[in-house]
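A short worksheet on the structure shown next.
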Amino acid sequence: MTAAEQSAAASAAAASGSPAASVSPSASGSPSASAAPCGPPSAASRTAREIATQPECWRRAASAAATARGLPLPGERVAVTGCGTSWFMAQAYAALREAAGQGETDAFAASEFPVGRAYDRVVAITRSGTTTEVLELLGAVRGRTATTALTADPGTPVMRAADEVVVLDWADEESVVQTRFATTALALLRAGLEAHGPLPAGVATVAEAAADAETALRRPLPEAPLAATQWTFLGRGWAYGLAQEAALKMREAAGAWTESYPAMEYRHGPLAITAPTRVTWIFGPVPAGLADDVARAGGTLVAEAGLDPLADLIRAQRLAVAVAEARGCDPDRPRNLTRSVILTDRPH
């Protein structure tokens, strides 16, 4: 761990206290009371240390965007793709780019990409650079669509599969659970939008988001999500992709029961599971009346309107680590998961 990582981790720990100590078993059911079988946590979570470096990573991404080759230009028809976390970052960027008026932008899981559809550019996000579905997709559109890949590893096949590659190796991770690489990739793409015009009303610059990220690391987590038995994450516009990612982090790190929806869809069914010991966490502005709906159902609403939604995702990442550790899980080594999905049964 670098000196910067040690310093950031120490500051975050001092401000928030021990995440695992924040959750205590109870008869009503706590994360530890309903724990799924998993391996013991390591003495010091690498995931938590990597989470703490994100403000610095985002600032570096904002600087790197100025010279990065292959970022979408205004007016291009763009599709953004990835798998898992990368797909959710693609969703967030696609919504943000369209809202900024810089061009039609779609987001697809790489395995569900409509290869027959015409685009000016395909942007693939892949931390490992080895994910089978992403590599197959880049091969399928090569020669007829410009392609750009964002990756953390310059020694992997994606370097040859894409026309342009942006390497964010300084944001790579040792943990299987993605945190800083994904948010740094989104920060770079977001900074690319800033370079071509104003962002949508209410959307901060990457520099402002990085400052909010420092606040998100310092601020203690609220008690209700730490003691909850179920979590639902919500967001509107580009923040919906962040809600999807927050839920995935809880599933990956802690094996927790989580869901995610567009905020306005919450009343169309998901409200049925709202109850005491269950938390509804929203990224960005809270739709009118939603807080009252959650309260009437006995649930708890968590909203941090003063933070950039991407910075608020850091709080959700910290929550996932805290719940994992309270359940006796190692957030660095989630059950049934590996750093990259490489399929070996593909036809030749």
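Applying the set (1) within 26 Å of Glu214 (Cβ to Cβ); (2) over 12 Å from the mean Cα position of the chain (by Cα); (3) aromatic (Phe, Trp, Tyr) to Tyr240 leaves exactly one unmet item: (2).
Taking the condition more than 17 Å from the chain's Cα centre (by Cα), over 30 Å from Asp330 (Cα atoms), touching a residue at least 60 places away in the same chain (Cβ under 8 Å) and surrounded by fewer than 23 Cβ atoms within 10 Å (Cβ to Cβ), does Ala95 pass? Spell out how you get there, then give the answer.
Numbers: more than 17 Å from the chain's Cα centre (by Cα): no; over 30 Å from Asp330 (Cα atoms): yes; touching a residue at least 60 places away in the same chain (Cβ under 8 Å): yes; surrounded by fewer than 23 Cβ atoms within 10 Å (Cβ to Cβ): yes.
No, not satisfied.
For segment 308-329, the tally of residues that are in contact with a helix residue (DSSP H, G or I) (Cβ under 7 Å, 6 or more places away or on another chain) and either in a loop (DSSP other than H, G, I, E, B) or of a type in the set (Gly, Ala, Ser) (or both) stands at 9. Restricting Ala243, Ala239, Ala253 to those that are modelled with pLDDT of 95 or more, surrounded by 23 or more Cβ atoms within 10 Å (Cβ to Cβ) and either at positive phi or in contact with a Ser or Thr (Cβ under 8 Å, 6 or more places away or on another chain) (or both) reduces the list to Ala243. When Gly192, Gly241, Gly197 are screened for being touching a helix residue (DSSP H, G or I) at 6+ places or on another chain (Cβ under 6 Å), in contact (Cβ under 8 Å) with a residue 60 or more places away in the chain and not hydrophobic (A, V, I, L, M, F, W, C), only Gly241 passes.
Out of Thr179, Thr148, Thr126, Thr131, I need the residue that is under 18 Å from the mean Cα position of the chain (by Cα), over 20 Å from Leu242 (Cα atoms) and buried (at least 21 other Cβ atoms within 10 Å of the Cβ). Which one? Before you say what the answer is, go through the steps one by one.
On the way: Thr179 fails: over 20 Å from Leu242 (Cα atoms); Thr148 fails: under 18 Å from the mean Cα position of the chain (by Cα); Thr126 fails: over 20 Å from Leu242 (Cα atoms).
Every option except Thr131 fails the conditions.
The residue that is nearest to Arg59 (Cα to Cα), among those in segment 182-203 that are open to solvent by 20 Å² or more (accessible area, probe 1.4 Å) and of a type in the set (A, V, I, L, M, F, W, C), is Ala195.
The values are calculated or read from the model by the stated rules, or taken from the named source; none is laboratory data. Only a predicted model underlies this, so the values are computations on that prediction, with no experimental measurement involved. Cβ sites come from the backbone with ideal geometry, for glycine too, and all protein chains shown count toward neighbours. Ligands, DNA and RNA are excluded from the accessible area calculation, which covers all protein heavy atoms including side chains. Shrake-Rupley method; radii C 1.70, N 1.55, O 1.52, S 1.80 Å.
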